[in-house]
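Participant: Before we start, here is the structure in question, set down as structure tokens.
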Amino acid sequence: MAVRQTGDKQTVMQGEETRVQEEILRAGPLAAFQRLLAENDALIRSPKLDNGRLIASSRTAIYTGLVGEWAAEQQRVLGYTKPFAVVALGGTGRAEMTPYSDLDFAFLFDDAIEGNAFLLELQRQTLHSEDFHSRRGFELQALPFSLDDVPTLADKQLNAFLDMRAIYDPHGLAELFRERIRSTYDPFEHFLHVRGFWKGQWEKAAGESERLDRFDIKNDGLRLFLAGIWTLAGKRFLPAHEIYQTLDDPRDLEAYEFLLRIRSFVHSRRQGRKRPLTNGSHPEDLLGFDDFVSFGELLGLEADERARFEFANQVRARLLAARRRVACFARSVIGRDLKSGREVSPGSPIVYGLGGLYHAASFPCETPQEKSRAALSLLLASQRYGLPIDPSELETTYRNAGDWLVRVPELSALFYEQRGSLADSFAFLSQLERAEDQLFPGYARFESSLDARVMLERKSLRGALERQKMRALEQYVHEGRARFAQAVSTAHLSDPKQQVSAALEAALLDADHLAAVKLALKTKRLPLTTNDLVKRANQTLLLHERNSSGFSGIPLPEYYVPYASECNFSRETLRLVEFLVAHRRAFKEHTEAGINDAAHVGEFVRLCQNEHALRALFVFTCADRTEWESEQTDPARWFNIRELYAKALMRFRPAEDATTALTAAGYSPEQLNILRDFGEDFFGGIYHQYANRFGAHLVRLVEEADSTGPKASIIRDGASVIIGVAARDYRGLAASISGALWNHQLDLRQAHMFSAMHHGLALDFFHVALRDRPLAPELARSIEDAIQQRLFIAESDEANLPRISGSASLREWRPGLYCLRFETAEEASGLVYAITYKIFRHLRGNIFGLTAHAARGRAFLSVYHNLPPDLPLEQAQAITAQQF
């Protein structure tokens with residue numbers, strides 16, 4: 001049967017499938033499959049060369065006929081009465097199967113898929129048992145789709161539906177699906193999907209038609225042709241066979257069908273099971289040199305060597321011609337489309353041409369509002385589709401934009417757009433003199449100003465640094481959404497007790513709050529805040545430090561007011577932006593103490609008021625500090641920030657007993673009481689994740705006190721290196737441990753100490769700085785010895801204390817709790833040990849936390865402790881002045 005004429009392709013396929021069904025009735029499905037497949041294999045090994053379409057369509061009909069017969073039987077036997085269809089997609093839908101082709105089928109429903117008993121039975125037969133395979137000889141893996149799934153179809157999946165053909169469809173559901181797709185899909189998006197593959201692989205393959213060592217006949221041959229077909233078909237979502245009929249030169253389609261013929265022959269030479277790769281590729285499609293010299297095999301063994309030699313030359317010549325023709329066809333179709341311009345949507349003035357996106361109707365625009373809407377709508381399309389703007393637009397749509405650009409609704413659309421890079425959009429605007437200043441008053445002064453980072457790095461201006469922060473935010477969102485999409489369960493990912501990740505938290509922001517974070521990153525230095533006025537009056541600061549913010553001169557409460565009326569930013573977005581800008585340093589300032597106790601957390605929760613503002617402030621802080629003052633440079637501070645965030649977040653989500661995991665780990669009620677004694681400050685923060693790690697040892701310290709000594713363990717948490725210590729508590733413990741660390745020449749950045757008061761236990765965590773050298777292997781053991789023997793705190797040790805010189809102050813931090821702050825401009829090595837020793841020896845204080853950091857040649861240390869009842873604060877302050 002001749003099928004090279006494609007006008008009646010559907011009729012031909014129906015005839016082929018009818019023949020298959022007749023064979024099924026005569027011999028049964030398995031026997032029919034085996035006989036018809038053997039018949040097709042023989043056709044492949046014959047010397048005919050112009051039957052590529054016949055071979056492919058006949059082979060496809062074997063599978064589609066058997067699947068259609070099975071589907072009809074299942075609906076009849078199982079009594080499913082709602083609309084249901086089985087369709088072939090992709091190459092199966094085009095009836096272009098060869099021996100190692102994929103089988104592309106889908107189940108269509110006008111019904112709920114979740115829990116659908118009929119679907120579950122179909123999947124039982126095809127996926128979870130051998131029922132279908134044993135009765136029909138091949139595997140069927142069909143994805144189910146409901147009409148509600150149509151708007152989510154995209155990229156490769158959408159392209160497969162382009163060639164959807166009904167195999168079993170008593171209710172006309174396939175056509176309903178096609179009409180629904182036509183009404184919801186983005187033709188321009190589909191074009192970009194096809195062109196993306198063209199630029200990524202097919203364009204290169206088009207220039208390698210003479211290559212013999214490697215030729216992927218599917219990706220570098222068949223799909224090369226289909227790139228042109230899909231470009232044409234995607235405009236109105238037509239199946240390929242309808243486009244075949246419109247081609248003006250039949251030799252283009254003949255070349256494609258010849259490639260199908262050669263692919264069938266090459267597949268027939270392969271042995272073994274299919275080995276699919278990514279993107280529907282198969283190693284069986286790769287032709288090497290041996291395949292190019294094998295074409296004489298088609299004449300069979302009865303032909304003489306000379307005849308096979310001449311025949312092989314003939315086939316290679318036709319194959320070379322076919323490769324060249326399909327390459328020219330695809331290149332011309334895509335090039336012609338871009339040359340004439342492809343509208344991003346029907347009737348849109350924004351067009352994609354050879355040089356990029358351009359606005360075809362910006363020239364009549366006269367008012368600043370009209371010109372701005374045209375300019376920013378073009379920028380929005382560029383951002384959404386990830387396409388460049390034609391450089392010529394700089395002299396047309398964007399000419400002298402700094403003179404007339406004003407805020408319009410398209411500005412907010414740039415911030416709310418979920419796709420593409422806002423940072424790239426502003427990188428484009430940064431080419432235009434004064435353009436960003438027109439949109440964000442004060443931006444011109446900001447981007448040319450100096451601050452501490454610019455002065456230190458001496459590499460770029462602040463506008464470029466601001467865009468780096470925006471890109472960091474975009475990367476967080478991308479990474480977080482990918483992790484949520486891949487997760488089997490998202491509950492664990494969003495549990496602050498398990499982990500705190502900027503990426504995951506960014507992915508949880510809704511559109512309003514994400515836009516707020518973006519706008520705050522863009523404009524945080526532009527409104528004039530109270531803090532800006534305080535800094536400008538501070539004569540101790542350098543001039544550039546006093547004038548590094550508030551560039552617009554517009555007070556913060558007034559700055560964002562026009563963005564609601566002129567740009568259509570939501571009030572929720574602008575309310576949150578104002579909060580973020582006003583409190584942009586909140587996490588840094590609230591973690592200076594390094595102690596996130598209940599009172600401190602409560603204060604921070606009252607500042608944020610709700611979970612959305614808290615999350616936005618955390619994500620904003622992470623993006624804002626992605627490089628400058630980042631976790632890599634100050635891991636201890638960032639540990640505190642993550643802990644404060646986790647504790648605050650849990651205030652908005654009252655959770656189950658924090659020791660639930662310990663109960664599951666097998667701790668008895670009596671043992672849990674020992675661990676619960678460490679209190680909410682421990683179990684409500686990040687450190688609680690180490691409860692299991694030290695829990696058994698803490699229990700032994702109580703239950704087997706005579707035979708159990710302290711335990712020290714090295715922990716890594718992100719960039720933080722932490723030494724965890726479980727021991728019996730005693731006054732001076734912090735000094736013993738810091739003395740051991742100083743003995744190993746390790747600087748201590750902060751420490752958190754938790755006490756089980758009723759059981760006399762301590763669980764302490766010390767953050768150390770590595771200074772680019774590894775920790776000594778004996779470190780943990782030496783710390784345990786120092787605790788056991790109460791080293792470094794004897795009266796005689798004072799003579800060997802590190803020398804310190806600086807200023808000390810003692811104040812009440814919380815009722816009954818005190819903070820000793822020490823500041824020095826000298827070498828800070830050993831500072832922590834010296835101060836903790838003096839607090840132990842002279843103030844008789846019990847230390848529960850400390851922070852230490854160095855900045856701009858100075859070292860700062862804050863130690864949090866109590867005082868004995870018989871030592872009033874005034875007397876302690878006098879001792880401090882004398883001894884420190």
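The values are calculated or read from the model by the stated rules, or taken from the named source; none is laboratory data. No experiment lies behind these values; they were computed from the predicted model shown. A quick note on method: Cβ atoms are made from the backbone with ideal geometry, for glycine too, and the neighbour counts reach across all protein chains shown. Accessible surface areas use protein heavy atoms only, side chains included; no ligands, DNA or RNA. Shrake-Rupley method; radii C 1.70, N 1.55, O 1.52, S 1.80 Å.
Participant: Which of the residues that make up the stretch 798-816 are basic (Lys, Arg) and at pLDDT 90 or above?
Facilitator: Hit for the stretch 798-816 is 811, nothing else.
Participant: On to the next question. Quick check: is even one residue across the stretch 149-158 touching a strand residue (DSSP E or B) at 6+ places or on another chain (Cβ under 9 Å), in a loop (DSSP other than H, G, I, E, B) and touching a residue at least 60 places away in the same chain (Cβ under 8 Å)?
Facilitator: No, the stretch 149-158 contains no residue that is touching a strand residue (DSSP E or B) at 6+ places or on another chain (Cβ under 9 Å), in a loop (DSSP other than H, G, I, E, B) and touching a residue at least 60 places away in the same chain (Cβ under 8 Å).
Participant: Can you tell me which residue among 792, 848, 822 is at positive phi and of a type in the set (A, V, I, L, M, F, W, C)? I'd like the intermediate steps shown before the answer.
Facilitator: Details: 848 fails: at positive phi; 822 fails: at positive phi.
None of the others qualify; the one that does is 792.
Participant: Let me ask something else about it. Can you tell me how many residues in the stretch 95-105 are under 35 Å from the mean Cα position of the chain (by Cα) and either open to solvent by 20 Å² or more (accessible area, probe 1.4 Å) or modelled with pLDDT under 95 (or both)?
Facilitator: 5
Participant: Going by the conditions given, is residue 725 modelled with pLDDT of 85 or more, open to solvent by 10 Å² or more (accessible area, probe 1.4 Å) and of a type in the set (A, V, I, L, M)?
Facilitator: On the way: modelled with pLDDT of 85 or more: yes; open to solvent by 10 Å² or more (accessible area, probe 1.4 Å): no; of a type in the set (A, V, I, L, M): yes.
Answer is no for this residue.
Participant: Identify the residue in the stretch 45-70 that is crowded, with 23+ Cβ neighbours inside 10 Å and of a type in the set (A, V, I, L, M) and, among all such residues, is nearest to residue 86 (Cα to Cα).
Facilitator: The selected residue is 67.
Participant: Something else now. Only one of these conditions is not met by residue 124: (1) part of a helix (DSSP H, G or I); (2) crowded, with 17+ Cβ neighbours inside 10 Å. Which number is it?
Facilitator: All conditions are met except number (2).
Participant: Is it the case that the stretch 396-417 has a residue that's in a loop (DSSP other than H, G, I, E, B), touching a strand residue (DSSP E or B) at 6+ places or on another chain (Cβ under 8 Å) and open to solvent by 30 Å² or more (accessible area, probe 1.4 Å)?
Facilitator: Yes.
Participant: State all residues of the stretch 552-581 that are part of a helix (DSSP H, G or I) and charged (D, E, K, R); if no residue qualifies, say none.
Facilitator: Passing the criteria: 558, 571, 572, 575, 578.
Participant: Now a separate question. Would it be correct to say that residue 425 is without any contact (Cβ under 8 Å) to a residue 12 or more places away in the chain and either open to solvent by less than 70 Å² (accessible area, probe 1.4 Å) or of a type in the set (S, T, N, Q) (or both)?
Facilitator: No, not satisfied.
Participant: When you scan the stretch 446-456, how many residues do you find that are in a helix (DSSP H, G or I) and open to solvent by 70 Å² or more (accessible area, probe 1.4 Å)?
Facilitator: 3
Participant: Failed condition for residue 556, given (1) in contact with an Asp or Glu (Cβ under 9 Å, 6 or more places away or on another chain); (2) at pLDDT 95 or above, with all others met?
Facilitator: Exception for residue 556: condition (2).
Participant: Continuing with the same structure: Confirm whether residue 736 is over 26 Å from residue 600 (Cβ atoms), open to solvent by less than 10 Å² (accessible area, probe 1.4 Å) and either in contact with an Asp or Glu (Cβ under 9 Å, 6 or more places away or on another chain) or at pLDDT 90 or above (or both).
Facilitator: It is true that residue 736 is over 26 Å from residue 600 (Cβ atoms), open to solvent by less than 10 Å² (accessible area, probe 1.4 Å) and either in contact with an Asp or Glu (Cβ under 9 Å, 6 or more places away or on another chain) or at pLDDT 90 or above (or both).
Participant: Would a scan of the stretch 858-870 turn up a residue that is more than 53 Å from the chain's Cα centre (by Cα) and in a helix (DSSP H, G or I)?
Facilitator: Looking through the stretch 858-870, none of the residues is more than 53 Å from the chain's Cα centre (by Cα) and in a helix (DSSP H, G or I).
Participant: Right, something else. Of all residues in the stretch 457-473 being in a helix (DSSP H, G or I) and open to solvent by 30 Å² or more (accessible area, probe 1.4 Å), which is nearest to residue 626 (Cα to Cα)?
Facilitator: 469
Participant: Please verify whether residue 351 is free of Cβ contacts under 8 Å to residues at least 40 places away in the same chain and surrounded by 18 or more Cβ atoms within 10 Å (Cβ to Cβ), treating the condition exactly as stated.
Facilitator: yes
Each row is one residue, and each column tells you yes or no for (1) open to solvent by 50 Å² or more (accessible area, probe 1.4 Å); (2) touching a residue at least 24 places away in the same chain (Cβ under 8 Å); (3) on the phi > 0 side of the Ramachandran plot.
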residue	(1), (2), (3)
294	no, yes, no
302	yes, no, no
327	no, yes, no
331	yes, yes, no
338	no, no, no
364	yes, no, no
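To keep it simple, each residue is scored yes or no on (1) aromatic (Phe, Trp, Tyr); (2) assigned to a loop (DSSP other than H, G, I, E, B); (3) over 27 Å from residue 385 (Cα atoms); (4) touching an Asp or Glu at 6+ places or on another chain (Cβ under 7 Å).
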| residue | (1), (2), (3), (4) |
| --- | --- |
| 196 | no, no, no, no |
| 213 | no, yes, yes, no |
| 236 | no, yes, no, no |
| 258 | yes, no, yes, no |
| 273 | no, yes, yes, no |
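Participant: Among (1) free of Cβ contacts under 8 Å to residues at least 12 places away in the same chain; (2) at negative phi, which single condition is residue 115 missing?
Facilitator: (2)
Participant: Run residue 82 past the list (1) touching a residue at least 40 places away in the same chain (Cβ under 8 Å); (2) surrounded by fewer than 23 Cβ atoms within 10 Å (Cβ to Cβ); (3) basic (Lys, Arg) and report the number of the one that doesn't hold.
Facilitator: Condition not satisfied by residue 82: (1).
Participant: Looking only at the stretch 200-219, filter to residues that are free of Cβ contacts under 8 Å to residues at least 40 places away in the same chain and under 34 Å from the mean Cα position of the chain (by Cα); which one of those is most open to solvent (accessible area, probe 1.4 Å)?
Facilitator: So, considering only residues that are free of Cβ contacts under 8 Å to residues at least 40 places away in the same chain and under 34 Å from the mean Cα position of the chain (by Cα), the one most open to solvent (accessible area, probe 1.4 Å) is 204.
Participant: Moving to a separate point now. Go through the residues of the stretch 495-503 one by one and say whether even a single one is open to solvent by less than 10 Å² (accessible area, probe 1.4 Å), assigned to a helix (DSSP H, G or I) and modelled with pLDDT under 95.
Facilitator: Yes, there is a match, as at least one residue in the stretch 495-503 is open to solvent by less than 10 Å² (accessible area, probe 1.4 Å), assigned to a helix (DSSP H, G or I) and modelled with pLDDT under 95.
Participant: Here's another thing I want to ask about it. Spot the failing condition for residue 482; the list is (1) in a loop (DSSP other than H, G, I, E, B); (2) surrounded by fewer than 15 Cβ atoms within 10 Å (Cβ to Cβ); (3) at pLDDT 85 or above, and only one is missed.
Facilitator: Answer for residue 482: the failing condition is (1).
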